[in-house]
1. Being under 18 Å from E3 (Cβ atoms) and either aromatic (F, W, Y) or loosely packed, with under 15 Cβ neighbours inside 10 Å (or both): is that true of N90 here?
2. Evaluate the following for A95: is it among the aliphatic types (A, V, I, L, M) and assigned to a helix (DSSP H, G or I)?
3. Please name all residue pairs, on different chains or six or more residues apart, with Cβ atoms under 9 Å, provided the first residue is in region 29-44 and is in contact (Cβ under 8 Å) with a residue 60 or more places away in the chain and within 15 Å of F6 (Cα to Cα) and the second residue is surrounded by 13 or more Cβ atoms within 10 Å (Cβ to Cβ) and of a type in the set (S, T, Y).
4. Suppose the filter is closer than 29 Å to F117 by Cα, in contact with a strand residue (DSSP E or B) (Cβ under 8 Å, 6 or more places away or on another chain) and either at pLDDT 95 or above or in a helix (DSSP H, G or I) (or both); does A55 pass it?
5. Any chance you could count how many residues in region 1-31 are surrounded by 15 or more Cβ atoms within 10 Å (Cβ to Cβ), within 12 Å of the chain's Cα centre (by Cα) and closer than 21 Å to F83 by Cα?
6. Only one of (1) under 20 Å from T109 (Cα atoms); (2) surrounded by 13 or more Cβ atoms within 10 Å (Cβ to Cβ); (3) at pLDDT 95 or above fails for V41. Which number is that?
7. Could you tell me which of the residues A73, A34, A11, A63 is of a type in the set (A, V, I, L, M) and outside any helix (DSSP H, G or I)?
8. Consider L79 carefully, then state whether it is at pLDDT 95 or above and crowded, with 16+ Cβ neighbours inside 10 Å.
Amino acid sequence: MSEPIFWTLEATIEDGKRQELEQLLAGAVEETQANESTALVYEFFVGEDGKRFFALERYADSAAAMAHLGAIAPKLGPLFGCFDGPPTMNIYGTASDELRAATTDLQPTFFGSIGGFRR
């Protein structure tokens, strides 16, 4: 049985890059919503200081997460260029070996489930 994959991404927005980041995200949201029915949550937040960025994403399973990474890959360079340093990534759920390999450069921390429920 496949299980959902969640991930979070946190970063600091580089000075003067917020507008560019918002434009890149708007395009990514439009494309993801139109083309990836297995992308279940795709939301972005900015802290009250206007500098801290937070992404919350949920996919139906590792295969769906991989499909998203394949679609978004060309945009990651410009997106990450809006950050002051590398982002911090956490991945939740049972990630496939393929997903683990695909995210190696981001050095994510992986979390396996030990309980709870979903509605």
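The values are calculated or read from the model by the stated rules, or taken from the named source; none is laboratory data. In this text, all values refer to a predicted model and were calculated from it rather than measured experimentally. Here the Cβ positions follow ideal geometry from the backbone for every residue, glycine too, while neighbour counts run over all protein chains shown.
1. Details: under 18 Å from E3 (Cβ atoms): yes; either aromatic (F, W, Y) or loosely packed, with under 15 Cβ neighbours inside 10 Å (or both): yes.
Here the answer is yes, as N90 does meet what is asked.
2. On the way: among the aliphatic types (A, V, I, L, M): yes; assigned to a helix (DSSP H, G or I): no.
No; evaluated as a whole, the condition is false for this residue.
3. Sorted first by the residue in region 29-44, then by its partner, the list stays empty.
4. Numbers: closer than 29 Å to F117 by Cα: yes; in contact with a strand residue (DSSP E or B) (Cβ under 8 Å, 6 or more places away or on another chain): yes; either at pLDDT 95 or above or in a helix (DSSP H, G or I) (or both): yes.
For A55, the condition - closer than 29 Å to F117 by Cα, in contact with a strand residue (DSSP E or B) (Cβ under 8 Å, 6 or more places away or on another chain) and either at pLDDT 95 or above or in a helix (DSSP H, G or I) (or both) - is met.
5. Qualifying residue count for the region: 7.
6. Unmet condition: (2).
7. Values: A73 fails: outside any helix (DSSP H, G or I); A34 fails: outside any helix (DSSP H, G or I); A63 fails: outside any helix (DSSP H, G or I).
Answer to the check: A11.
8. On the way: at pLDDT 95 or above: yes; crowded, with 16+ Cβ neighbours inside 10 Å: yes.
Against the criterion (at pLDDT 95 or above and crowded, with 16+ Cβ neighbours inside 10 Å), L79 qualifies.
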